[in-house]
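The values are calculated or read from the model by the stated rules, or taken from the named source; none is laboratory data. What you see is a predicted model; the values in this text were computed from it and never measured. In this analysis, Cβ positions are derived from the backbone assuming ideal geometry, glycine residues included, and neighbour counts consider all displayed protein chains.
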């Protein structure tokens with residue numbers, strides 16, 4: 001995701017409110033392929049819970065000013081050589097991402113193949129640290145090998161002696177937005193979906209499964225006709241601000257119910273060609289490690305190892 005998503009007390013004065021009409025994402029990239037079939041999907045087809053039974057809450061959307069936007073929220077490859085498990089998962093490293101990626105082909109992910117992604121995770125308890133530290137949990141489309149990212153999730157930071165939890169979304173290379181008013185407590189189960197409906201329009205929904213509250217981002221914020229749609233992701237990220245920030249100690253992150261739709265077929269991560277990412281430093285030491293997929297092929301864990 002989420003580069004430059006540094007939120008602290010010194011920067012709160014830089015945050016500005018925007019109206020629904022004020023955001024126009026950059027359309028810097030054109031499609032290189034066309035898709036003959038874009039399925040019509042509902043959240044109930046992608047998640048185990050029925051969104052209709054949730055309270056549809058109203059939240060305000062707050063933009064981070066361009067002074068906080070630095071570099072990319074895309075995957076920054078690490079230095080470890082790729083390997084494969086017996087199940088066919090390719091294991092790679094990243095300097096800022098950990099988790100799983102589903103693609104049409106691990107060697108050459110095709111454009112315009114991904115039309116939906118869904119998953120859930122638990123709000124972690126962040127361990128206090130002497131220095132500021134940051135983490136972002138999200139699901140999304142793109143960013144693994146493409147210069148666009150369409151993502152929604154939660155952030156969990158230890159910032160100037162305080163724990164900060166907040167919800168956010170981004171349509172990179174457009175800016176990041178905070179979702180004010182979305183409830184987050186330690187132990188809450190959060191689910192998210194990103195669904196492409198055509199004409200560059202994405203529907204992003206974030207739900208608190210524990211509290212049964214849900215918020216869908218207005219599509220005026222989530223239109224990006226240059227989106228490549230070549231990968232689906234379930235990620236823990238170390239945010240970027242003039243460099244990759246220290247990774248908050250989240251203990252063990254649990255991701256469940258992780259499904260995607262590629263070429264019109266909806267199924268679990270492990271049913272697609274997939275890549276597991278371990279996060280490492282530039283010198284090759286581990287920041288965290290990702291588990292193998294569970295027997296259901298749609299669940300995994302990420303264990304924190306260092307900043």
Select from segment 171-183 the residues that are at pLDDT 95 or above, part of a loop (DSSP other than H, G, I, E, B) and surrounded by 19 or more Cβ atoms within 10 Å (Cβ to Cβ) and list them in ascending order. 182
Mind listing just one residue for me: the one in segment 104-139 that is in a loop (DSSP other than H, G, I, E, B) and under 15 Å from the mean Cα position of the chain (by Cα) and, of those, farthest from residue 277 (Cα to Cα)? 123
Return the only residue of 70, 86 being over 17 Å from the mean Cα position of the chain (by Cα), closer than 20 Å to residue 240 by Cα, at pLDDT below 95 and surrounded by fewer than 18 Cβ atoms within 10 Å (Cβ to Cβ). 70
Give the residue that is farthest from the chain's Cα centre (by Cα), with candidates limited to residues of segment 277-297 that are without any contact (Cβ under 8 Å) to a residue 60 or more places away in the chain and under 18 Å from residue 256 (Cβ atoms). 295
2 or more residues touching a helix residue (DSSP H, G or I) at 6+ places or on another chain (Cβ under 9 Å) and under 23 Å from residue 184 (Cα atoms): qualifying strands (runs of 3 or more DSSP E) within segment 212-307: 213-216, 252-262
Against the condition closer than 19 Å to residue 216 by Cα, buried (at least 22 other Cβ atoms within 10 Å of the Cβ) and more than 12 Å from the chain's Cα centre (by Cα), how does residue 196 come out, does it pass? yes
State all residues of segment 202-225 that are closer than 29 Å to residue 106 by Cβ, touching a residue at least 60 places away in the same chain (Cβ under 8 Å) and surrounded by 18 or more Cβ atoms within 10 Å (Cβ to Cβ); if no residue qualifies, say none. 202, 205, 222, 224
Tally the residues that are surrounded by 17 or more Cβ atoms within 10 Å (Cβ to Cβ) and on the phi > 0 side of the Ramachandran plot, restricting the search to segment 261-299. 1
Could you list all residues from segment 184-197 that are at pLDDT 95 or above and either part of a strand (DSSP E or B) or touching a helix residue (DSSP H, G or I) at 6+ places or on another chain (Cβ under 8 Å) (or both)? 189, 190, 191, 192, 193, 194, 195, 196
Which of the residues that make up segment 232-260 are under 18 Å from residue 103 (Cα atoms) and surrounded by fewer than 24 Cβ atoms within 10 Å (Cβ to Cβ)? 257
